[in-house]
Amino acid sequence: MKARLYFPALLGLWLSLCLALPAHAQQTLIEQLRQIVSITQIDTLPASKYYPNRYLLRFTQPIDHSHPEAGSFNQRILLCHTGFDRPTVIETEGYDATYSLHPNYREELSQLIRANLLVVEHRYFAESTPQPRDWQFLTTENSAHDLHAVTTAFKSIYRGKWASSGISKGGQTTLLYRTFYPDDVDFSVPYVAPLCFSEIERLAE
């Protein structure tokens, strides 16, 4: 008799916990994002058929990492969350990253390994442009340090394996990132990465 009385109560408790889990997991992620001091804005994007949780973030970066007193700007980042236990791919864009906001966008490597995805817009493009636009700070060193700052911050949330990847100039950005910070990610996958030898040859003269 007692078992019959307890069963409905236990069933109701179990159902309420199951229904609450997705909202709790989402809230936990937002809380962790809010703990990253460099993130100044979090906008929730509609879920896609690939990612249940998508966020558009503003991440504060120094205009010149060697001289933080020179000022700062907001770098635009897309976060697509799959799971805390999944690997993470940081897509090292070489230009504007507006394309990644399309609801059905999915980067190939993150698809193959079912990874979380961070798309980092390159400095001095689209909404990641410092004001005033002082071109002397658009350097490979600063770009690589931007990615290093993002990776370091998000490793507090995603503690599994990390990969970097990019296409064309984004692939070049992947190579340069690996050059300056070889230990940031576990592996790098550049797609069609060009190398600008003319400038290197001129500097060598």
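Rg over Rh of region 26-204, using C-alpha atoms and the Kirkwood radius, what does it come to?
In region 26-204, Rg relative to Rh is 0.95.
Semi-axes, largest first, in whole Å: what does sqrt of 5 times each Cα gyration tensor eigenvalue give for region 63-130?
Equivalent ellipsoid of region 63-130: 26, 14, 9 Å, largest first.
Between residue 141 and residue 106, what length in nm is gained on full extension when 0.36 nm per residue of separation is reduced by their alpha carbon distance?
Result: 9.8 nm gained on full extension.
Mind sorting 49, 169 by how few other Cβ atoms lie within 10 Å of their own Cβ, fewest first?
49, 169
May I ask you to list the residues of region 104-126 whose amide nitrogen lies under 15 Å from a point 7 Å from Cα along the Cα→beta-carbon direction of residue 49?
Of the residues in region 104-126, 104-107 have backbone N under 15 Å from the label point off residue 49.
Over what distance in Å are the Cα centres of region 65-100 and region 117-167 separated?
5
Could you tell me the calculated FRET efficiency between residue 168 and residue 133, based on Cβ-Cβ distance and R0 = 25 angstrom, to the nearest 0.05?
So the FRET efficiency works out to roughly 0.60.
If the chain between residue 84 and residue 60 were fully stretched, how many nm would it gain, using 0.36 nm times the residue separation less the Cα-Cα distance?
6.3 nm
Kirkwood hydrodynamic radius (Cα pairs, Å) of region 124-188?
12.8 Å is the Kirkwood radius here.
Read-outs: derived from the displayed coordinates by stated rules, not from any lab. Keep in mind that what you see is a predicted model, and the values were worked out from it rather than measured. Positions of Cβ are backbone-derived with ideal geometry, glycine not excepted, and every protein chain shown enters the neighbour counts.
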